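Novice: Below you'll find the structure I mean.
The values are calculated or read from the model by the stated rules, or taken from the named source; none is laboratory data. Note that the coordinates shown come from a computational prediction; the quantities given were computed from them, not determined experimentally. Virtual Cβ from ideal backbone geometry, glycine too; neighbours counted across all protein chains shown.
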Amino acid sequence: MGRFIERMPGTAAVLIAAVLWSLSPFLVKLVTIDPMVLPCFRNLMAGVILLPFFKRSDIKAGPRLFILLPSFACISMLYVLSSRYTAAANATALYYSSPLWIFALTCIKAKKLNRRYIPSVLLLLAGILVIVIEPKTGTNQFGNFMGLLAGAAFACFAVNYNAIPYEKRISHLCLANLFSCPFILAVILILQPASLSEARSFTAYIWLMLLVMAVSQQVIPYFLYGVGLAKLPLFRCSMLALGEFLLAPVWTLLFLSDMPTLFGFIGWLLILAGLLLNLFLDNQAEKTSVPDGAGK
């Protein structure tokens, strides 16, 4: 296994991770159990699978950990809700709006506005506004709102997770998955306790799909992305990871006829433009050794 990883090209590792992540909205729509119960059991399975790689010495209690764990749990819950209740293009675009929130967080922390990133931030903001103001279409508005919150939660997670050394991230990922199960369970007990009774009637197919989602969404892609980061520049990894953004709406459109609205498609294009510009600016800042104010 170790020899295989050493030989595996970094580009292939990141691309495979992106393709696996892109399947998330499709799988969420395919597994028709309660969208809050789903991430609870999926993440528990992922945490158990990752336990052999967990090292207690990698974990250090502190403010970073206390932000990272609940933000990961919120991502898991909110993104599933968004994927279930709105078009995959909307859910993915709003989730990927996280650089906007990262920009805001870093500006607040530094008490300084980094003007370099304002054009990309405006594109992201325009994309968000176009999606959010789309005329009411079924459950789209609720799903859009959940996607917006998922993007903000991911920003909180990314700022703290990216500060952790690569060799210690697998332990934090394991702990985050395990923590998210009781966290989401507590939310379910407060908001809709009756939905937990659904677990008693899960078929073998449902349990198998939850296991497939745990492995394909929470375990393998994070591991492969780590392999890519160890072999490629961050800019190239980030560009390749956009494959998730591009492919997620394709799977649901091809196999579930999940067509985005015109508002959703325009918002998706604007956010894609903002992401590409943000990555370009990150790369330029790295080359010129200018402190990065909005990069992940």
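Novice: Would you check which residues across the range 30-67 are over 21 Å from Val219 (Cβ atoms) and either assigned to a helix (DSSP H, G or I) or among the polar types (S, T, N, Q) (or both) and list them?
Specialist: Thr32, Ser57, Pro63, Arg64, Phe66, Ile67
Novice: Condition (residue is touching a His at 6+ places or on another chain (Cβ under 9 Å), surrounded by fewer than 20 Cβ atoms within 10 Å (Cβ to Cβ) and β-branched (Val, Ile, Thr)) applied to the range 118-138: is it met by at least one residue?
Specialist: No: zero hits.
Novice: Right, Leu148: part of a helix (DSSP H, G or I), farther than 29 Å from Leu232 by Cβ and not charged (D, E, K, R) or not? Let's see the steps before the verdict.
Specialist: Values: part of a helix (DSSP H, G or I): yes; farther than 29 Å from Leu232 by Cβ: yes; not charged (D, E, K, R): yes.
The answer is yes for Leu148.
Novice: Follow-up question, since we're still on this one. Go through the range 28-81 and give me each residue that's over 23 Å from Ala150 (Cα atoms) and crowded, with 21+ Cβ neighbours inside 10 Å.
Specialist: Within the range 28-81, just Leu50 meets the criteria.
Novice: Further question: Identify the single condition in (1) in contact with a Leu (Cβ under 9 Å, 6 or more places away or on another chain); (2) buried (at least 19 other Cβ atoms within 10 Å of the Cβ) that Ser24 does not satisfy, given that it satisfies every other one.
Specialist: Of (1) in contact with a Leu (Cβ under 9 Å, 6 or more places away or on another chain); (2) buried (at least 19 other Cβ atoms within 10 Å of the Cβ), only one is false for Ser24: (1).
Novice: When you scan the range 100-115, do you find a residue that is β-branched (Val, Ile, Thr) and modelled with pLDDT of 90 or more, even just one? So that I can check it myself, show each step before the final result.
Specialist: Step one: list which residues in the range 100-115 are β-branched (Val, Ile, Thr), which gives 102, 106, 108.
Applying the additional criterion that residues be modelled with pLDDT of 90 or more yields none.
For the range 100-115, residues β-branched (Val, Ile, Thr) and modelled with pLDDT of 90 or more: absent.
Novice: Any residue in the range 243-253 that is under 25 Å from His172 (Cα atoms), surrounded by 18 or more Cβ atoms within 10 Å (Cβ to Cβ), in contact with a helix residue (DSSP H, G or I) (Cβ under 8 Å, 6 or more places away or on another chain) and of a type in the set (Phe, Trp, Tyr)?
Specialist: The answer is yes; a qualifying residue exists.
Novice: Does at least one position in the range 227-236 carry a residue that is assigned to a helix (DSSP H, G or I) and under 30 Å from Ile133 (Cα atoms)?
Specialist: no
Novice: Six or more apart or on different chains, Cβ under 6 Å: which pairs go from a residue in the range 91-113 that's touching a residue at least 40 places away in the same chain (Cβ under 8 Å) and under 16 Å from Ile75 (Cβ atoms) to one that's exposed (fewer than 11 other Cβ atoms within 10 Å of the Cβ) and among the acidic types (Asp, Glu)? Could you list them?
Specialist: none
Novice: Can you name the condition, by its number, that Ala13 falls short on among (1) touching a Ser or Thr at 6+ places or on another chain (Cβ under 9 Å); (2) in a helix (DSSP H, G or I)?
Specialist: If we test Ala13 against (1) touching a Ser or Thr at 6+ places or on another chain (Cβ under 9 Å); (2) in a helix (DSSP H, G or I), just (1) comes out false.
Novice: Quick one: count up the residues across the range 3-55 that are more than 27 Å from Arg200 (Cβ to Cβ) and without any contact (Cβ under 8 Å) to a residue 12 or more places away in the chain.
Specialist: Total meeting the criteria: 6.
Novice: Within the range 187-202, can one find any residue that is in contact (Cβ under 8 Å) with a residue 24 or more places away in the chain, surrounded by fewer than 12 Cβ atoms within 10 Å (Cβ to Cβ), at negative phi and in a helix (DSSP H, G or I)?
Specialist: yes
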